[in-house]
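Asks: Here it is, the structure in full.
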Amino acid sequence: MPLTFFGGIKPENKKYSRDYPLRYVTPPELVYIPIDGYVSPLVEAGGTVAMGQAVAVRDDGMQLYSSVSGIVKGTAKEGEHRYIAIENDKKDTPFEGIKGIKKPLLELSADEICALLKQYSVIDCFDEKPMYIKLSEHKGNLKRIIINCCEHDVYTTALYRLLLERPKELINGAKILMHALSIKKCVILIEDKKRKAIQVLEDYVNDTRMFVPAFIENKYPINEQTIISAVYSREIPHGKTATDLGYVIFGAEAVMQTFISFATGMPQIRKAVTVSGESVKKPQNLIAPIGTPLKNLIEECGGLVHRCRCVVLGGIMDGEFLENPGGVVTQTTRQLLLLRWVEKYNGTRMRCVRCGRCISVCPMHLIPLDYAVEDSLKKKSQKPFYGIEACIECGCCEYICPAGIPLLEIIREEKGKRLSGKKSDTETKKPHRKFISVKKTFIRNRKPKNKDDDESDFFIPF
């Protein structure tokens, strides 16, 4: 029997791109390296850069690198986001001095490995934290490393293809992290239906005592709390992390990138991305340079076969709704979804019917229906909102609610009030509310009648 955890949901499987191997995208004419936040550019317009050369540095000292070689065109801005635009010369000339680590692994100290991970700018998609920070924070009395090989979403297949095509990188990357943290055993967590990937990995395991496979039921959400609950049957107390219990979790792709950077000396300049959805002509698993425009990925998949009404960057349950695909591939980009159907939210909140379905799917053992009743009655008592800080905002309660109550919005409103002491701006809630309706409608596959010919309701971003 596969491992499981309390609550969660089992969305419909939509792995359209599962059988498509990874392939590199056509080199883009321009790449845009994101420099949001406290980042200082290191290059000027008109200068030349090589692939793997630092173009900006963050306040913490971690650098951002060019994913191509070419000429710096200057700083571009789109909305609140800033980018360094680089014109690709399509030669992929590597930066001088880039070479792999020659020193034997056993002679590297934990501090040296942390410094190298910082130099290579490896970021873990699992929790979007830099790997050097995770290693420096997790030094101490740790029991196990857990490598999460579970797909984040019902559409994502890029990670599965990485496991099949690049198993050596995962095993060797895990050995580097195990040495850095002085841990002798590693748990490889993967969905029960993907035993083929484990069979491929076993060919590269020299010591079966070092690596232990753990098969988990294909459910959502997969995060720190649910992983520890499924594998070790332990609950992480509110305000604590898995590290406090002696476990550290890494995403499989970041582990692979760790070995690639140590072996070649090249920082993280590419990302595996799944492009999928009903509207895309040919769903694909692509490897794209950091900074590649999202529109290029859509063109790489043959464009659209249906009119696209919704673009989602990330997971269908917790991704970002895009008015148009004007962003770029970053180090945390997992997938791009182009969906055909969308349900519009009219702002009317129905009353809770007290069926209790939200209680049965909440992985944090909360009672979301109390939040719905409290919101509808507009009470001032805080008792029904007890434990709301422990909510991980996975959206399972809202997905399962037969009355269509926007529970996640209610929870976020209440959390915002407690943090800021005032109500959130209603304008900031509209994009998320529109996205939540997309999630419920598309996964349940409810198609509105006679909508295919109504061009006024279709959103065409291209």
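The values are calculated or read from the model by the stated rules, or taken from the named source; none is laboratory data. Just so we're clear, the structure is a prediction, and the values are computed from it rather than from any experiment. Note: ideal-geometry Cβ built from the backbone for every residue, glycine included; neighbour counts use all protein chains shown. SASA here: full protein model, heavy atoms, side chains in, ligands and nucleic acids out. Shrake-Rupley method; radii C 1.70, N 1.55, O 1.52, S 1.80 Å.
Asks: Could the peptides 290-296, 264-270 be put in order, highest first, of the mean number of other beta-carbon atoms found within 10 Å of their residues?
Replies: The densest-packed peptide leads the list: 290-296, 264-270.
Asks: In debye, nearest 20, what is the charge dipole magnitude of region 1-114 about its Cα centre with +1 on Lys and Arg Cβ and -1 on Asp and Glu Cβ, if you could check?
Replies: So the dipole magnitude of region 1-114 works out to roughly 520 debye.
Asks: Let me ask something else. Only residues of region 1-36 count here: report those whose backbone N is under 15 Å from the spot 7 Å along Cα→Cβ of Lys281, or say none.
Replies: It comes to 26, nothing else.
Asks: For the chain, with only Lys/Arg (+1) and Asp/Glu (-1) charged at the beta-carbon, what is the dipole magnitude about the Cα centre, in debye rounded to 20?
Replies: 1300
Asks: May I pose another question? Over the Cα atoms of region 114-250, what Rg and Dmax result, in angstrom?
Replies: Over region 114-250's Cα set, Rg and Dmax evaluate to 14.4, 40 Å.
Asks: I would also like to ask the following. Quick check: residue separation of Glu44 and Ser420 times 0.36 nm, minus the Cα distance between them. What number comes out in nm?
Replies: 131.4 nm
Asks: Can you give me the accessible area per residue for the chain, using a 1.4 Å probe, in Å²?
Replies: In whole numbers, the chain has 47 Å² accessible per residue.
Asks: Return the calculated 222 nm mean residue ellipticity for the chain, to the nearest 500 deg cm²/dmol, obtained by summing -39500 (n - 2.57) across DSSP H runs with n ≥ 4 and dividing by the residue count.
Replies: Calculated at 222 nm, the ellipticity per residue is -8000 deg cm²/dmol.
Asks: Also, I was wondering about something else. Testing the spin-label approximation: label points 7 Å from Cα along Cα→Cβ at Ser182 and Asn206. State their distance in nm.
Replies: Those two pseudo-labels are separated by 2.3 nm.
Asks: To continue, here is another question. Say the dipole of region 234-319 comes from +1 at the beta carbon of Lys and Arg and -1 at that of Asp and Glu; which of His306, Gly319, Asn296 then lies farthest toward its positive end?
Replies: It is His306, whose Cα lies furthest towards the positive end.
Asks: Another question, then. Which percent of Cα-Cα pairs in the chain sits in each 20 Å bin, short to long?
Replies: The percentages, shortest bin first, are 23, 56, 21, 0.
Asks: When the Cα centres of region 112-136 and region 55-91 are compared, how far apart do they sit, in Å?
Replies: 20
Asks: Starting from the 7 Å offset along Cα-to-Cβ, what nm value, one decimal, do you get for the label separation of Glu217 and Met350?
Replies: The answer from the label model is 2.6 nm.
Asks: Nothing charged except the Cβ atoms of Lys and Arg (+1) and of Asp and Glu (-1): what's the magnitude of the dipole of region 168-273 about its Cα centre? Round to the nearest 20 debye.
Replies: Magnitude of the dipole: close to 140 debye.
Asks: Also, quick follow-up: Percent of accessible area on the chain owned by carbon and sulfur, 1.4 Å probe?
Replies: Answer for the chain: carbon and sulfur cover 50 percent of the accessible area.
Asks: Please work out the ratio of the alpha-carbon Rg of region 178-330 to 2.2 N^0.38 Å and round it to two decimals.
Replies: 1.26
Asks: Consider all pairwise Cα distances in region 1-126 and report the whole-number % of them above 17 Å.
Replies: Tail fraction, whole percent: 70.
Asks: What fraction of the DSSP beta bridges in the chain is antiparallel, stated in percent and rounded to the nearest 5?
Replies: 65
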